[in-house]
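Here is the structure we will look at.
The values are calculated or read from the model by the stated rules, or taken from the named source; none is laboratory data. Here the structure is a predicted model, which is why all the values come from computation and not from measurement. Quick reminder, even Gly has a Cβ in these numbers, built from the backbone with ideal geometry, and neighbours come from all protein chains shown. Accessible surface areas use protein heavy atoms only, side chains included; no ligands, DNA or RNA. Shrake-Rupley method; radii C 1.70, N 1.55, O 1.52, S 1.80 Å.
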Amino acid sequence: MALEDVRPVTLDEIREARKRIAGTITRTPLVKLQLGSDFPDIRLKLENLQPINAYKLRGGANAVAMLSDAERKRGVWTISAGNAGQGVAYAARAAGVPSAVVVVETAPKSKMERMKALGAKLVPVSYDVAWKAMGDRSYPGVEGTFIHPFDDHNFIAGNATMGLEILEDAPDTATVIGGIGGGGLIVAVASAVKALKPNIKVFGAEPETAAPAALSFKTGRPEKFENWTASFVDGAGGHSVFPRMWQRMQGLVDGSIVVTLEQTRQAMRMMAEKARIIAEGAGALGLAAALTGKAGKGPIVAIVSGGNIDLAKFCELVGTSAG
């Protein structure tokens with residue numbers, strides 16, 4: 001099946017998506033992180049407070065809502081390390097649509113259990129197999145309508161609703177930072193933010209162990225990250241930048257800031273200490289990047305994209321002040 005050509009997500013589409021998903025998602029708060037005058041002015045967009053504790057409910061809800069009757073009858077499936085799977089499964093259950101998730105087998109147990117609880121049939125595979133299936137848009141034995149976890153126009157439009165909320169709550173925003181896995185979050189937020197205020201900078205953030213977007217911005221073309229390594233930042237940091245996502249980023253995303261795993265862990269700890277927020281590794285990338293100083297003095301909005309992490313693992317990561 002031929003894919004729809006990549007095209008910009010319009011402000012009208014984002015506003016329509018907002019109406020469509022209003023009854024499913026939470027309008028999440030934006031809170032100022034109190035750090036003192038030596039630090040940038042940082043506000044946190046708390047998408048970890050969504051019903052599935054991750055922003056991908058926005059995209060899942062919009063994508064499911066826009067399915068035809070025939071597509072609903074076939075059921076839906078997606079590929080996920082946990083959060084997109086929860087978003088699609090939650091929206092599908094609410095719509096009475098069967099769902100399946102080809103899930104990365106190393107996903108946290110908490111994410112696996114929640115997808116099952118939402119009625120999704122799970123098909124565990126390795127990260128490499130999942131990444132390949134995302135490119136192929138198919139997996140043997142899994143039937144139904146495929147909802148891509150990032151390269152899907154309606155999914156992106158749903159996630160872009162977050163950008164409208166950010167500018168309503170913080171119209172003085174100078175920079176927005178969010179983690180990059182496939183690129184769907186940063187493209188979505190940038191689509192809304194740049195349409196309303198083109199001068200705002202939008203940066204991705206990636207862990208040093210998996211930073212293909214930063215490499216792509218350096219070379220000017222979509223790149224593969226040769227030394228990819230698994231880490232506790234399981235919800236971001238892809239193997240490569242898909243050419244279609246690179247196309248979507250053009251003119252919207254201003255670059256990607258690479259942070260160390262230790263900086264990410266310290267950002268998780270800081271949010272827990274200063275604001276009593278539980279963020280998963282990917283959810284802390286934006287704050288970690290903001291704290292490097294590479295995004296200026298602010299006001300910076302760091303997107304806390306999710307909080308789905310096993311509690312024992314979270315305690316282990318934030319329990320000590322040094323690495």
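If you go through the range 1-22 one residue at a time, how many are among the small types (Gly, Ala, Ser), open to solvent by 30 Å² or more (accessible area, probe 1.4 Å) and modelled with pLDDT of 95 or more?
Going through the range 1-22 one residue at a time, the tally reaches 1.
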ask   = How many residues does the range 25-36 contain that are modelled with pLDDT under 95 and not aliphatic (A, V, I, L, M)?
value = 2
Pair list, Cβ under 8 Å, 6 or more apart: the range 204-222 residue open to solvent by 10 Å² or more (accessible area, probe 1.4 Å), other residue of a type in the set (D, E, K, R) = Ala214/Glu206; Leu215/Glu223
key: Answer residue from the range 27-61, given it is touching a helix residue (DSSP H, G or I) at 6+ places or on another chain (Cβ under 9 Å) and of a type in the set (Ser, Thr, Tyr) and is farthest from Arg93 (Cα to Cα) among those   = Thr28
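How many residues does the range 37-50 hold that are open to solvent by 50 Å² or more (accessible area, probe 1.4 Å) and either modelled with pLDDT under 95 or of a type in the set (Gly, Ala, Ser) (or both)? I'd like the intermediate steps shown before the answer.
Let us first name the residues in the range 37-50 that are open to solvent by 50 Å² or more (accessible area, probe 1.4 Å), namely 37-39, 49.
Imposing the further condition that a residue be either modelled with pLDDT under 95 or of a type in the set (Gly, Ala, Ser) (or both) reduces the set to 37-39.
Number satisfying all stated conditions: 3.
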remark   = In the range 257-279, anything touching a Gly at 6+ places or on another chain (Cβ under 6 Å) and either open to solvent by 10 Å² or more (accessible area, probe 1.4 Å) or free of Cβ contacts under 8 Å to residues at least 60 places away in the same chain (or both) is listed as Glu262, Thr264, Ile278
task = Could you figure out which of (1) open to solvent by 20 Å² or more (accessible area, probe 1.4 Å); (2) more than 16 Å from Ala289 (Cα to Cα); (3) assigned to a loop (DSSP other than H, G, I, E, B) isn't true of Ala195?
result = (3)
request  = Please list, ordered by first then second residue, the pairs with beta carbon atoms under 6 Å, 6 or more apart or interchain, first in the range 171-199 and among the hydroxyl-bearing types (Ser, Thr, Tyr), second assigned to a helix (DSSP H, G or I).
outcome  = Ser191/Ala160
